[in-house]
Amino acid sequence: MKRNIVIAVVTAAALVGGGTATALAVAGDDENTTSVTRTDDDRDDRDDRQDRDDDRDDDRDDDGIGAAAPASGKVTAAEAIAAALDHTPGTAVSAELDDGSWEIDVLAKGDTWHTVRIAPDTGKVLGAHQDDEDDAAEVRAALKNASVTAEQAARAAESKGPVVSVDLDDDGDDRAWDTETRASGGEREWKVDLRSGAVVADRDDD
């Protein structure tokens with residue numbers, strides 16, 4: 001028997017439940033006829049579900065879920081020393097991350113001591129004050145032939161981990177920059193040569 005396929009699309013003019021109806025009829029053999037009816041309400045339901053999914057995605061983005069975390073830069077010891085010297089020119093002798101801020105000791109002109117506090121997240125100066133110290137002569141003698149500054153020592157020690165303190169060891173003949181690093185493995189102490197900048201483990205830390 002000859003097969004006839006007829007596709008008819010009829011758009012109803014009347015509203016069915018608030019929407020228009022679209023009828024799709026597909027005929028194969030004379031005995032078999034399949035019809036599918038879709039309404040605009042079906043499409044509206046799908047659109048509503050999509051809108052809700054989009055809203056949930058927006059909420060997750062607003063909460064920071066699934067979005068890339070912003071980079072949180074930390075001020076290094078070397079950067080804190082540089083910021084302190086910009087505020088109070090002189091010779092940086094020590095730097096320590098203590099009580100939520102960097103504290104930098106600076107030997108300025110006239111052998112006056114100053115402590116400059118630096119914010120560890122922004123690098124801004126939080127405050128500064130003058131100290132009463134009487135060891136300026138010893139410090140200057142220890143640094144007389146030095147070619148490595150506290151800032152340079154901090155940068156050299158960064159190869160061992162994040163530096164949390166730098167301090168001038170001016171006692172005896174074994175003068176150096178004492179540095180301390182902190183990582184997941186714990187705290188380690190290192191000595192940075194005043195002239196070459198070489199970094200070696202502090203034997204007293206073993």
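List of remarks:
- Of the numbered criteria (1) open to solvent by 20 Å² or more (accessible area, probe 1.4 Å); (2) part of a helix (DSSP H, G or I), the one ALA157 fails is (1).
- Note on the stretch 48-100: residues that are among the small types (Gly, Ala, Ser) and modelled with pLDDT of 55 or more total 11.
- Of everything in the stretch 144-154 that is open to solvent by less than 40 Å² (accessible area, probe 1.4 Å) and touching a residue at least 60 places away in the same chain (Cβ under 8 Å), the residue that is farthest from the chain's Cα centre (by Cα) is ALA150.
- Residue within the stretch 112-122 that is open to solvent by less than 20 Å² (accessible area, probe 1.4 Å), over 27 Å from GLY172 (Cα atoms), modelled with pLDDT of 95 or more and out of contact with any helix residue (DSSP H, G or I) (no Cβ under 8 Å at 6 or more places or on another chain) present: yes
- Of all residues in the stretch 163-188 being open to solvent by less than 80 Å² (accessible area, probe 1.4 Å) and over 26 Å from ALA141 (Cα atoms), the one that is modelled with the highest pLDDT: THR181
- Contacts under 9 angstrom Cβ, first residue in the stretch 78-103 being without any contact (Cβ under 8 Å) to a residue 24 or more places away in the chain, partner not small (Gly, Ala, Ser) and not in a strand (DSSP E or B), 6 or more apart: PRO89/LYS109; GLY100/PRO120
- Selection of the stretch 108-152 for residues being in a strand (DSSP E or B) and β-branched (Val, Ile, Thr) yields THR115, VAL116, ILE118, VAL125.
- Pair list, Cβ < 9 Å and 6+ apart or interchain, from the stretch 189-206 residues that are farther than 19 Å from SER94 by Cα and open to solvent by 70 Å² or more (accessible area, probe 1.4 Å) to residues that are part of a strand (DSSP E or B) and at pLDDT 95 or above: ARG203/LYS191; ASP204/GLU189
- In the stretch 179-190, the condition of being more than 17 Å from GLU96 (Cβ to Cβ) and not small (Gly, Ala, Ser) is met by no residue.
- Filter result for GLU133 (surrounded by fewer than 19 Cβ atoms within 10 Å (Cβ to Cβ), charged (D, E, K, R) and over 17 Å from ILE81 (Cα atoms)): yes
- ALA80 vs. criteria in contact with a strand residue (DSSP E or B) (Cβ under 9 Å, 6 or more places away or on another chain) and either hydroxyl-bearing (Ser, Thr, Tyr) or crowded, with 19+ Cβ neighbours inside 10 Å (or both): yes
The values are calculated or read from the model by the stated rules, or taken from the named source; none is laboratory data. From a predicted model like this one, the values you see are computed outputs, not experimental measurements. Don't worry about glycine lacking a Cβ; one is built from the backbone with ideal geometry, like all the others, and counts go over all protein chains shown. Heavy atoms of the whole protein, side chains included, go into the accessibility calculation; ligands, DNA and RNA do not. Shrake-Rupley method; radii C 1.70, N 1.55, O 1.52, S 1.80 Å.
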